[in-house]
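Report on one structure; see the data block that follows.
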Amino acid sequence: MRYAVLVTGPAGAGKSTFSTAFATHLRVSRRTAHIVNLDPAATGDAFEYQPAIDIRELVTLDDVMGEMNMGPNGGLVYCFEYLLQNMDWLEEELGGFDDDYLIIDCPGQIELYTHHPFLPQLVRNLQRMGIRTCAVYLLESQFMEDRYKFFSGVLTAMSAMVNLEVPWINIMSKMDLVSGPSSDTFEPRNGKRGKRDIARYLDPDPMLLVAARDGRDQQRDNSRFHDLNRAIVQLIEDHPLVSFLPLDLTSTDSLETVVSHIDFTMQYGEDEEPKEPHDLDEGDFADME
């Protein structure tokens with residue numbers, strides 16, 4: 001059985017960094033993992049490991065922008081249309097992997113997850129090839145600094161979940177920049193928060209959207225948007241689909257927790273047959289025959 005994890009989320013959320021750390025963790029655990037790059041705009045130094053499959057071998061954003069006179073957003077859409085028209089290329093590239101873990105690093109253009117049919121079509125093709133697929137959606141911890149920005153991220157994650165229709169895990173990345181032990185002399189960039197306060201974001205509390213916390217928020221409140229905010233609160237309460245796992249890549253335990261959730265979501269290894277030890281007829285096992 002082959003497994004694929006789509007690493008999605010907005011630009012700057014740490015998708016490539018997470019993909020590298022994820023692959024490293026699996027390899028240390030003696031599991032076979034490969035990175036698949038689906039970002040045609042990725043730079044040469046974006047990955048610590050050379051991607052096993054790279055969309056830039058098929059099409060690059062720079063070439064599309066230069067030859068088609070497109071901007072970056074339109075060019076990225078064109079690249080994915082071109083990929084879907086050449087799925088035989090991807091099938092051929094994937095044909096050499098068996099019983100492997102494929103970590104698919106996706107672009108940061110949010111429309112690809114929420115509006116366009118490209119990734120759902122890609123998922124259906126992967127499933128047709130017998131690849132068990134799930135997705136993770138990364139949202140960086142800085143979103144917690146502004147509750148309006150945070151809930152826009154929550155709604156975007158919800159939209160992507162509904163659009164892709166695969167097993168899904170939301171991750172709050174870069175948690176090392178938010179909180180730390182009180183004895184630390186280093187002050188995280190976004191300031192320290194108590195565990196209770198962070199919990200209201202990891203399991204989004206819609207009341208954060210309607211409760212003004214300080215003078216700045218009170219100045220930003222506008223009666224014209226009161227009904228809209230109330231409708232958003234009602235939507236989140238009626239459809240509590242989104243919750244986040246905290247991810248601190250400086251902590252091995254934090255990464256292990258995320259990996260274990262991904263394994264559980266995809267039911268990793270449940271269909272595998274027990275493997276006979278290589279040295280069953282040698283060494284300590286020789287006398288058993």
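The values are calculated or read from the model by the stated rules, or taken from the named source; none is laboratory data. Keep in mind that what you see is a predicted model, and the values were worked out from it rather than measured. Cβ: placed from backbone, ideal geometry, glycine included. Neighbour counts: every protein chain shown. All accessible areas refer to the heavy atoms of the entire protein, side chains included, with ligands and DNA or RNA removed. Shrake-Rupley method; radii C 1.70, N 1.55, O 1.52, S 1.80 Å.
Details
- ASP39 vs. criteria modelled with pLDDT under 90 and part of a loop (DSSP other than H, G, I, E, B): no
- Residue under evaluation THR60, criteria (1) open to solvent by 10 Å² or more (accessible area, probe 1.4 Å); (2) touching a strand residue (DSSP E or B) at 6+ places or on another chain (Cβ under 6 Å), criterion not met: (2)
- Residue match in the range 43-59 (condition: within 21 Å of PRO120 (Cα to Cα) and not hydrophobic (A, V, I, L, M, F, W, C)): yes
- Considering residues of the range 28-57 that are within 20 Å of ILE171 (Cβ to Cβ) and among the charged types (D, E, K, R) only, the residue most open to solvent (accessible area, probe 1.4 Å): GLU48
- Within the range 77-101, the set of residues being of a type in the set (Asp, Glu) and either farther than 18 Å from MET1 by Cβ or over 20 Å from the mean Cα position of the chain (by Cα) (or both) comprises GLU81, ASP88, GLU91, GLU92, GLU93, ASP98, ASP99.
- Which listed residue, of MET172, MET207, is open to solvent by less than 50 Å² (accessible area, probe 1.4 Å) and at pLDDT 70 or above: MET172
- If the condition is being assigned to a helix (DSSP H, G or I), in contact with a Leu (Cβ under 9 Å, 6 or more places away or on another chain) and open to solvent by 10 Å² or more (accessible area, probe 1.4 Å), then the range 1-23 contributes LYS15, THR17, ALA21.
- Whenever a residue of the range 62-87 is within 13 Å of LEU38 (Cα to Cα), its partners that are of a type in the set (Phe, Trp, Tyr) and open to solvent by less than 60 Å² (accessible area, probe 1.4 Å), lying with C-beta atoms within less than 9 angstrom and at least six residues away or across chains, give the pairs VAL77/PHE118; PHE80/PHE118; GLU81/PHE118; LEU83/TRP89; LEU83/PHE118; LEU84/PHE118.
- Any hit, the range 114-124, residues being over 21 Å from ASN73 (Cβ atoms) and either touching a residue at least 60 places away in the same chain (Cβ under 8 Å) or in a helix (DSSP H, G or I) (or both): yes
- The range 131-150, subset over 24 Å from SER260 (Cβ atoms) and in contact (Cβ under 8 Å) with a residue 60 or more places away in the chain, residue most open to solvent (accessible area, probe 1.4 Å): TYR148
- Residue among GLY108, GLY75, GLY66, GLY96 that alone is in contact with a Lys or Arg (Cβ under 9 Å, 6 or more places away or on another chain) and either in a loop (DSSP other than H, G, I, E, B) or open to solvent by less than 60 Å² (accessible area, probe 1.4 Å) (or both): GLY108
- Extreme residue, nearest to ASP54 (Cα to Cα), among residues of the range 8-35 that are over 13 Å from the mean Cα position of the chain (by Cα) and not aliphatic (A, V, I, L, M): HIS34
- Cβ-Cβ under 6 Å pairs, at least 6 apart or on other chains, the range 45-60 side under 19 Å from GLU92 (Cα atoms), far side of a type in the set (Ser, Thr, Tyr) and in a helix (DSSP H, G or I): VAL59/TYR82
- Filter result (touching a helix residue (DSSP H, G or I) at 6+ places or on another chain (Cβ under 6 Å) and of a type outside the set (A, V, I, L, M, F, W, C)) within the range 140-155: SER141, ARG147, LYS149, GLY153
- Per this entry, GLU92 is counted among residues that are of a type outside the set (Ser, Thr, Tyr), closer than 29 Å to ARG30 by Cβ and without any contact (Cβ under 8 Å) to a residue 40 or more places away in the chain.
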